Amino acid sequence: MIDRTHGLPILRCHGLTAPFVIDAPMNRRIFETYVETQLAPTLEKGDVVIMDNLAAHKSPAAEKAIGATGAWILFLPPYSPDLNPIAMAFSKLKARLRASAVRTIDALWREIGQICDLFEPAECQNYFKAAGYGFT
């Protein structure tokens, strides 16, 4: 049974990447592990990591790991989901997860990976545009 599971994919202009599923509430230690093991290895110099103001995101260790890649962080203003492009992608991901009705962590992990593969580059770019971000 899945009680309090969290998934952390990253929205990029070409798709969802670096999925990470945990069966626990998100906290700073878990977020730092995610950044160090999943996110940072996918980042390149000049990448921008957009984060909301979740307390776990305010981590010097995570900021250091992201900065070491040459990427930088953009923290959103409080209460600004319209500026967060991943909010729309999460909506689609959650709807597909509900439709799949998975009930175990292993099945959830596999399903999230399969769903992440469904996000096309044009769709991902539209999420950024809808949130007000331009890119070249």
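The values are calculated or read from the model by the stated rules, or taken from the named source; none is laboratory data. All figures in this text were calculated on a predicted structure; none of them were measured in a lab. Here the Cβ is made from the backbone with ideal geometry for all residues, glycine too, and neighbour counts use every protein chain on show.
Any residue at all in the stretch 43-51 that is surrounded by 14 or more Cβ atoms within 10 Å (Cβ to Cβ), part of a loop (DSSP other than H, G, I, E, B) and out of contact with any Leu (no Cβ under 8 Å at 6 or more places or on another chain)?
Scanning the stretch 43-51 turns up at least one residue that is surrounded by 14 or more Cβ atoms within 10 Å (Cβ to Cβ), part of a loop (DSSP other than H, G, I, E, B) and out of contact with any Leu (no Cβ under 8 Å at 6 or more places or on another chain).
Residue-by-condition table, conditions (1) at pLDDT below 95; (2) of a type outside the set (A, V, I, L, M, F, W, C); (3) in contact with a His (Cβ under 6 Å, 6 or more places away or on another chain):
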| residue | (1), (2), (3) |
| --- | --- |
| ASP3 | yes, yes, no |
| LEU8 | yes, no, no |
| LEU11 | yes, no, no |
| GLY15 | yes, yes, no |
| ASN27 | yes, yes, no |
| ALA40 | no, no, no |
| LYS45 | no, yes, no |
| MET51 | yes, no, yes |
| ALA55 | yes, no, no |
Residues of the stretch 90-136 satisfying the condition of being part of a loop (DSSP other than H, G, I, E, B) and farther than 13 Å from ILE50 by Cβ: ALA101, VAL102, ARG103, THR104, ASP117, LEU118, PHE119, GLU120, GLY134, THR136
Which condition number in (1) within 16 Å of the chain's Cα centre (by Cα); (2) on the phi > 0 side of the Ramachandran plot is the one that PRO121 fails? (2)
Please indicate, with yes or no, whether at least one residue in the stretch 18-35 is in a loop (DSSP other than H, G, I, E, B), in contact (Cβ under 8 Å) with a residue 40 or more places away in the chain and either on the phi > 0 side of the Ramachandran plot or of a type outside the set (Gly, Ala, Ser) (or both). yes
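Answer with yes or no whether ASP82 is out of contact with any Pro (no Cβ under 8 Å at 6 or more places or on another chain), under 25 Å from GLU123 (Cα atoms) and not aliphatic (A, V, I, L, M). Before the answer, list the steps.
Numbers: out of contact with any Pro (no Cβ under 8 Å at 6 or more places or on another chain): yes; under 25 Å from GLU123 (Cα atoms): yes; not aliphatic (A, V, I, L, M): yes.
Yes; evaluated as a whole, the condition is true for this residue.
Looking at the stretch 80-89, can you tell me whether even one residue there is closer than 27 Å to GLY134 by Cα, of a type in the set (S, T, N, Q) and assigned to a loop (DSSP other than H, G, I, E, B)? Spell out the reasoning first.
Taking the stretch 80-89 as the starting set, the residues that turn out to be closer than 27 Å to GLY134 by Cα are 80-89.
Next, only the ones that are of a type in the set (S, T, N, Q) stay: 80, 84.
Okay, now just the ones that are also assigned to a loop (DSSP other than H, G, I, E, B), so 80, 84.
Yes: one or more hits.
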Give the stretch 31-42 a look and list any residue that's surrounded by fewer than 18 Cβ atoms within 10 Å (Cβ to Cβ) and among the hydroxyl-bearing types (Ser, Thr, Tyr), or say none. THR33, THR37, THR42
Could you tell me which residue of the stretch 97-132 is nearest to ASP23 (Cα to Cα), considering only residues that are surrounded by 13 or more Cβ atoms within 10 Å (Cβ to Cβ) and at pLDDT 90 or above? PHE119
